[in-house]
1. Return a whole-number percent for the relative contact order of region 1-154, with Cα pairs under 8 Å and 6 or more residues apart as the contact set.
2. When only Cα pairs under 8 Å and 6 or more residues apart are kept, what is the percent relative contact order across region 139-223?
3. In 5 Å bins starting at 0, how do the alpha-carbon pair distances of region 7-146 split up by percent?
4. Rounded to a whole number of µm²/s, how large is the Stokes-Einstein D of region 253-371 at 37 °C and 0.692 mPa s, given Rh as the Kirkwood radius over C-alpha pairs?
5. Determine the distance separating the Cα centre of region 158-202 from the Cα centre of region 257-328; give it in Å without decimals.
6. Taking 35 Å as R0, compute the FRET efficiency from the Cβ-Cβ separation of residue 30 and residue 310 and round it to 0.05.
7. Please give, to one decimal in nm, the separation of the simple spin-label points placed at residue 356 and residue 149, each 7 Å out from Cα toward the Cβ.
8. Suppose each label sits 7 Å from its Cα in the direction of the beta carbon; what would the residue 347-residue 271 distance come out to in nanometres?
Amino acid sequence: MKFAVALSMERFSPSTPMSDVTGSMLELVKMADQGGFETLWTAEHHTIECTISPNPFTILTWLGQHTERIRLGTATIVAPYWSPIRLAGEAALCDHLTGGRLEFGIARGAYQYEFDRMAGGMPQQEGVAYMKELVPAVQKLWAGDYAHDGHYWKFPLATSVPKPLQAPHPRIWVAARDPGTFDWAVGIGASILSTPLAAPAAEIAVLGEKFRKAVADHPEVPRPRFMMQRRTCCYERPEEAELAVRHSIDYGRSFENLFQNIGTVTNGFPTAVSYESVAGRDNYKPENVLKNLMFGTPDEVIEKLLDYEAAGVDQFSLGLSFNLPVELQRKTLDLFTREVLPVFAERERDRRFEEERRLAAVPPRMAAAGR
């Protein structure tokens, strides 16, 4: 299992300068690059200060100039906000400007507040139909001349300019929780981005089973990759957990506002729904937040990560952007780099050694038959 970091520029007060926001993000991404994390993921959002990213390709291009190895991914592009031609060209150009490090993640979208402003008020659940038309069109534009006559978009013969640097194109990732989306994404050869949100650990296995079924139902395509993300905070002493839990609960209250479109937003800053309105729900109980999210000391985190490994997760993404103080984000990356990543790197080496030893013990004809 590899590890990634999900970061967004975020402001929760107009008194916070944008220079502080960009500086903190750049510092954390450099830490992740130097620490051996596989991918940096950043989202697309509009008109809200808690996730500042009107065009993630711009952010990834900027970060690409300050990093060397880390992959740079969109998690995620919101399908209904784009046209196929524009998306194909912007993504391909970003791939060139980052030296072929783009990971192309896309989703139907989440915040109804945004959909009311960016997609004519359509229900965000309808975004999946846009995604299913958009992604194949982008792939065909990356391949060459293509004319499209679809339900949502129509255009005469055109192509992506430029074409992607990676051949045939950057890896495509689709955000999925619904079994139908898992099946469609795997069927077109896309990898999967998923999250248990704030649900108990049992949800990890549920999502893993959806992935396994989709893979089994599509033997005609190579097995794609499977990423899961959780809000993450790693600390040295258990008593440090309280701050992470409090920030997660408060951030969740802002999420409720935007997702359900039930609160106010003033000059880009969402007003969190009242604590009383969510206090009785299981995913807001402090003890459940601590248990379910990736909060803990390095040893506690390693134990939790075994559930993801068992579910077939290829990449675990540390969700650090939930108004967690920057010093705790730094500490989390440092502790993961020094105490968590090496454990899973060693587990991977052990697995490879056992597999090589097993294959060496099998007679050549049997090994060939097994393949």
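1. Working: 238 pairs, mean separation 29.8, N = 154.
Reported as a whole number, the value is 19 percent.
2. Reported relative contact order: 22 percent.
3. Computed distribution, short to long bins: 2, 10, 19, 20, 19, 15, 10, 4, 1, 0.
4. Calculated translational D: 178 µm²/s.
5. 22 Å
6. Working: r = 32 Å, r/R0 = 0.92.
So, using R0 = 35 Å, E works out to roughly 0.60.
7. Here the answer is 5.6 nm between the modelled labels.
8. My value for the distance between the label points is 4.5 nm.
Read-outs: derived from the displayed coordinates by stated rules, not from any lab. The structure displayed is predicted, hence computed values, not measured ones. Neighbour counts are summed over all protein chains in view; Cβ atoms, including those assigned to glycine, are modelled from backbone coordinates with ideal geometry.
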